[in-house]
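Report on the structure given below.
The values are calculated or read from the model by the stated rules, or taken from the named source; none is laboratory data. For clarity, every value in this text was computed on a predicted model and none was experimentally measured. Glycine gets a Cβ as well: all are built from the backbone with ideal geometry, and neighbour counts include every protein chain shown.
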Amino acid sequence: MAESIEPAIRQFIAQNFMYREGIQSLRDNQSLLEQGLIDSTGVLELVFYLEKTFAITVGDDEVIPENLDSVQQISSYLRRKLTPASQVCVA
Amino acid sequence: MRVEQFLSNSAARYPGKIALVEGQRRCSYRDLDEQVTRFAEVLRARGMQRGDRVVICTENSVETVVAIFGTLRAGGVFSPVNPTTKADKLAFIIGNCRAEVLVTQTRLLDQARDAVAQSPSIRTCIIVDGEAPADLPGAVGLESAAGETPPALPSFDPGIDIDLAMLIYTSGSTGFPKGVMMTHRNIVHAATSISTYLRNTPDDIILSVLPMSFDYGLYQVLMTIKLGMTLIVEKAFVFPQVVLNKLIQEKVTGLPLVPTIAAILLQLQILKPGMFPNLRYITNTAAALPPAHIQRLQELFPTTLIFSMYGLTECKRCTYLEPEQLAAHPSSVGKAIPNSEAWVVNEQGQPCKPGDVGELVIRGGHVMQGYWENQEATDRVLKPGRYPWEKVLYTGDLFRTDQEGYLYFVGRKDDIIKSRGEKVAPKEVENVLYMLEGIREAAVIGVPDPILGMAIKAVVVLADGSAIDAQQVIRHCAGHLEDFMVPKTVEFRSELPKTSTGKIRRSEVQSEALRLTQQ
C-alpha cells in the first residue's frame with residue numbers, strides 16, 4: 001500500500017491539474033502553488049479525492065501547504081494519517 | 001489628478017509606511033515609488049511613447065503593482081490580463097490593442113513565447129522575476145534592466161487626467177473579448193466613490209486574494225495606494241487556513257470576497273464568531289451571495305460590516321448596500337454609489353415603476369469611454385444622456401426596485417455565465433471545443449453549484465467514429481482557456497436541439513438543465 005501512494009497522487013494531479021506538461025516533468029518536491037497548478041477549487045477536489053481514496057478525514061487545519069503543496073508533502077501527510085497507531089485494531 | 005499621482009502623493013505623505021506585504025516581503029511607499037520610477041525609465045529607455053499599450057500578464061505580486069504604476073508614470077496605458085490566459089487569447093488581446101510591451105514572469109514564459117510569436121506589435125518583453133531567455137526577442141529581465149544606467153532622456157510629460165489609463169478586456173457573447181477604455185479621470189472617480197462608501201481610512205489593512213487582472217482585485221491596489229493604506233497581496237485563495245491566519249496576524253480590517261470564496265470559508269468547521277475582532281468590513285460582488293450565506297456570515301462575523309455590491313467592468317461599480325440595511329433588504333444590491341445615478345428602464349427607455357423588471361442604466365464619471373476600436377459594440381451600450389456631451393451605460397442586466405428605491409438583480413439579458421464570480425461566454429468556450437477534432441456540435445451551459453455559483457458544463461455531440469472522453473475534452477479546454485472557463489463536466493449526446501435553420505438552441509439545453517436541477 002505504502003509503495004503505491006506516490007504514483008496515485010501523481011496520477012491524480014496529472015489528470016486533474018496538468019494540461020500541458022506530462023507527469024514526468026512534475027518533481028516530487030515541486031510546489032503546486034508556485035507552479036500555478038492548484039487553486040481553491042483544486043484543493044477541495046484534492047481533499048475529496050484523498051478522503052475518498054484513502055478513507056481518512058482531513059481536518060480544516062490540515063488543509064495547509066505543508067501537507068498538500070507537493071507530491072512529497074501529500075505522501076508524507078498521508079503516511080502520517082495512515083500509520084498503524086492511528087488505526088483501531090480489529091480483533 | 002492622474003492615477004500615478006496616488007503613489008507620489010502617498011509616498012510624500014507616508015514614505016516609511018508599508019504599502020504592500022507579499023509573503024515575507026514588506027514594501028514601503030518610498031520603496032514602491034523608487035521601483036516605479038525605475039520601471040518607467042526602463043520603458044522610456046526602450047522607446048515608450050505617450051499612449052502606448054503595455055499588457056501585464058502576471059500573478060499578483062509587488063512587481064505587478066510596479067508595472068501598473070510604472071506604465072502610467074511613463075505615460076502609457078496598462079492592460080491587466082489574467083495570468084491563466086493561454087497564448088492564443090493573449091495574442092488576440094495584444095493584437096487587438098497593438099500593444100508594444102508585454103510584462104510577464106518566468107513561470108509563464110512558454111505562454112509568452114507563443115503569444116509574442118503571433119504578435120508583431122510587441123517590441124519589448126519584460127520578465128519581472130528573472131532573466132530573459134535567449135529565444136525571446138526584445139526580452140529583458142526587470143532587475144538587470146532596472147540596474148542599467150538610464151540614458152539621458154528629454155523631460156517628459158506623461159499626460160493629463162482625460163488621457164486613457166487602462167484597457168481592461170471583458171468577455172462578450174460574441175466569443176471575443178472587448179477592451180473597456182478607462183481614463184485617469186474615470187478611475188479617480190470610481191476609486192473615490194468606492195473608498196468613500198466603504199468608509200476607508202489610511203489605517204485600513206486590506207487582504208486581497210483576488211486577481212489584479214480583475215477590476216475588483218485591481219482596485220484593492222489602486223484604492224490602497226490612493227489613501228495610503230496597506231495591502232496584503234495574495235496570489236490566490238488556495239489554502240483557507242493560511243488566509244485566516246493572515247487575517248489575524250496582520251490585523252486585517254478589510255476582506256473583499258466573491259461568493260465562491262465565502263462558500264469555501266463557510267464550510268470550515270473552525271470558524272467561530274469573534275475570531276477576527278479587527279475585521280472592520282467584508283465586501284461581496286461579482287455574483288449574488290445566497291441569503292443563507294449572508295446570514296451565516298453575519299453570525300460568524302458579528303462586528304464586521306458586510307457590503308453587498310454590484311458592478312460591471314464597463315463602469316467598475318454601480319451599486320452598494322449600506323451594511324445597516326442588510327438585515328432589512330438581504331437580497332438587494334442597494335443604491336447607486338456616491339456621485340452616480342442608477343435607474344431601471346423599460347423597452348422604451350422610460351423609468352420603470354417599483355416592482356417592474358427592466359434594464360439597469362448607469363450615469364456618472366465612472367462610466368467607460370467605450371470599447372477599444374469597436375464602435376458598434378460601444379454604440380450598443382453607451383447611449384445619449386441628459387446633456388449632449390454625455391453618455392449613459394446600458395448594463396444589459398435586468399433589475400427591479402422596491403418602494404424605497406432599493407435595487408434587486410433579476411438576471412442577465414445575454415447568455416454570459418458567472419462562475420466563481422468570473423464572466424464566461426459560452427461562445428468562447430464553444431469556439432475552443434470546436435477546435436478539438438472529433439467534436440461535431442457543442443453547447444456550453446451553466447449548472448448551479450454550491451461553491452462555484454454556476455459550474456460550466458459542455459454538452460457535446462461527437463463526430464461519427466470519434467472516441468474522445470470527458471477527460472480529453474477538459475484537458476483540451478484547459479490548454480486554451482482561463483481556469484474559470486474550463487468545463488467542470490462534459491455530457492455526450494447523440495444530438496442537440498436545433499432551430500429550423502439548423503442553429504443549435506443553446507438556451508433550450510440551458511433551461512432544460514436548470515429544470516432538472518430544480519427537481
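Miscellaneous remarks
- Taken over the range B:76-92, the criterion of being more than 20 Å from B:Tyr219 (Cβ to Cβ), in contact (Cβ under 8 Å) with a residue 40 or more places away in the chain and away from every other protein chain (no Cβ under 14 Å) is satisfied by B:Lys89, B:Phe92.
- Lone unmet requirement of (1) more than 21 Å from B:Ala236 (Cβ to Cβ); (2) surrounded by 15 or more Cβ atoms within 10 Å (Cβ to Cβ) for B:Arg107: (1)
- Filter result for the condition that a residue is assigned to a loop (DSSP other than H, G, I, E, B), crowded, with 24+ Cβ neighbours inside 10 Å and modelled with pLDDT of 95 or more, over B:Ala19, B:Ala99, B:Ala40: B:Ala99
- Residue tally, condition surrounded by 16 or more Cβ atoms within 10 Å (Cβ to Cβ) and within 12 Å of chain B (Cβ to nearest Cβ), over the range A:46-64: 6
- The residues of the range B:58-75 that are in a loop (DSSP other than H, G, I, E, B) and either within 14 Å of chain A (Cβ to nearest Cβ) or basic (Lys, Arg) (or both), listed by number, are B:Thr58, B:Glu59, B:Asn60, B:Ser61.
- Put simply, of B:Val345, B:Val258, B:Val333, B:Val361 the only residue that is at pLDDT below 95 and surrounded by 15 or more Cβ atoms within 10 Å (Cβ to Cβ) is B:Val258.
- Complete set of residues in the range B:466-508 that are within 14 Å of another protein chain (Cβ to nearest Cβ), part of a loop (DSSP other than H, G, I, E, B) and surrounded by 14 or more Cβ atoms within 10 Å (Cβ to Cβ): B:Gly479, B:His480, B:Leu481, B:Glu482, B:Val486, B:Pro487, B:Lys488
- Taking each residue of the range A:27-45 that is more than 12 Å from B:Phe239 (Cα to Cα) and more than 10 Å from chain B (Cβ to nearest Cβ) and looking for partners that are of a type outside the set (A, V, I, L, M) and part of a loop (DSSP other than H, G, I, E, B) with beta-carbon atoms closer than 6 Å, six or more apart or interchain, yields A:Asn29/A:Ser70; A:Gln30/A:Ser70; A:Ser31/A:Asp69; A:Ser31/A:Ser70.
- B:Asp203 vs. criteria farther than 25 Å from B:Ala336 by Cβ, touching a residue at least 12 places away in the same chain (Cβ under 8 Å), outside the structural domain of B:Glu428 (by TED's automatic domain parsing) and in a loop (DSSP other than H, G, I, E, B): yes
- Of all residues in the range B:404-420, those being part of a loop (DSSP other than H, G, I, E, B) and more than 22 Å from B:Leu257 (Cβ to Cβ) number 5.
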